[in-house]
Amino acid sequence: MAVGDRIKRARNFRGMTQKELGIAIGFEEKSADIRIAQYESNTRTPKEELLRKIAEVLDVNYRSLYEPTLYAAEDVMYTLFELDEHYPGTRLYEVTDTTDPDFPEKHMAVSFRYRLLDDFLKEWQLRKKQLREGEITKEEYLEWKLNWPQTADDCGRYEPKKKWRKE
């Protein structure tokens, strides 16, 4: 979801008009709603300082408005929160990873209760297992990821559109 869409969602949640938000962050009354409309339509993107001010006025965490990078745990959480909005059946589970039977590890897992996504994740799980067990190379694994979904084969059920394995 783009920054503007995130601003709009938070503004509507707070019951504010575009004009009210614009004035609250310091825009002149005559152009306040126009500026917010530009941000919400993603025509313009607010700079970080302004986005922080918008977050403050809307009483939301700045990270809930900006475009996540997915390299920080907090950004991953906001992405998961976003997915939770689209897949209301999202569930969280504690699972035990027994990949290494000598060192089982407890982790949290997410289920979106979305069959197509489950199918995609099952194939990804298979590719990771194949890599771990030496059935495919790191290069093949990367090729599979970089060209997905053209490399998808539903766990071997059909021929992928794009070849990714070396013969």
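A few comments on the model shown:
- Among L117, W144, V57 - extreme Cα towards positive end, dipole of the chain, charges at beta-carbon: V57
- Against the main long axis of the alpha-carbon atoms of the chain, helix 29-40 sits at an angle near 10°.
- Charge dipole (the chain, unit charges on Cβ, about Cα centre) - positive-most of P160, T17, Y71: T17
- Computed lengthening from L83 to W148, 0.36 nm per intervening residue step minus Cα-Cα distance: 21.4 nm
- Fully extending the segment from S31 to L131 would add 30.4 nm, taking 0.36 nm per residue of separation and subtracting the current Cα-Cα distance.
- Helix 48-58 vs. the chain, principal-axis angle (Cα, 0 to 90°, nearest 10): 70 degrees
- For peptides 143-155, 2-14, sequence by mean Cβ density within 10 Å, most packed first: 2-14, 143-155
- Dipole magnitude for the range 68-113: about 220 debye, using +1 per Lys or Arg Cβ and -1 per Asp or Glu Cβ, origin at the Cα centre.
- Entry for mean projected area of the Cα convex hull in nm² (calculated from the structure that is shown) out of (1) 13.1; (2) 9.8; (3) 12.1: (1)
- Were the residues from Y93 through D59 laid out at 0.36 nm apart, the gain over their Cα-Cα distance would be 9.2 nm.
- Taking other residues whose beta carbon is less than 9 angstrom from the beta carbon of E40, and scoring Lys, Arg as +1 and Asp, Glu as -1, yields +1.
- Placing +1 on the Cβ of every Lys and Arg and -1 on the Cβ of every Asp and Glu, with no other charges, gives the range 92-135 a dipole of roughly 240 debye about its Cα centre.
- The chain, helix-only ellipticity at 222 nm - DSSP H runs n ≥ 4, -39,500 (n - 2.57), divided by all residues, nearest 500: -15000 deg cm²/dmol
- Computed from point charges on the beta carbon alone (+1 for Lys and Arg, -1 for Asp and Glu), the dipole magnitude for the chain about its Cα centre is near 480 Debye.
- Between R115 and K163, the FRET efficiency from the beta-carbon distance, with R0 = 22 Å, is close to 0.25.
Read the figures in this text as sums done on the coordinates, not as results from a lab. Note that the structure is predicted; figures quoted are calculated from it, not measured. No Cβ is skipped: glycine too gets one built from the backbone with ideal geometry, and neighbour counts run over all protein chains shown.
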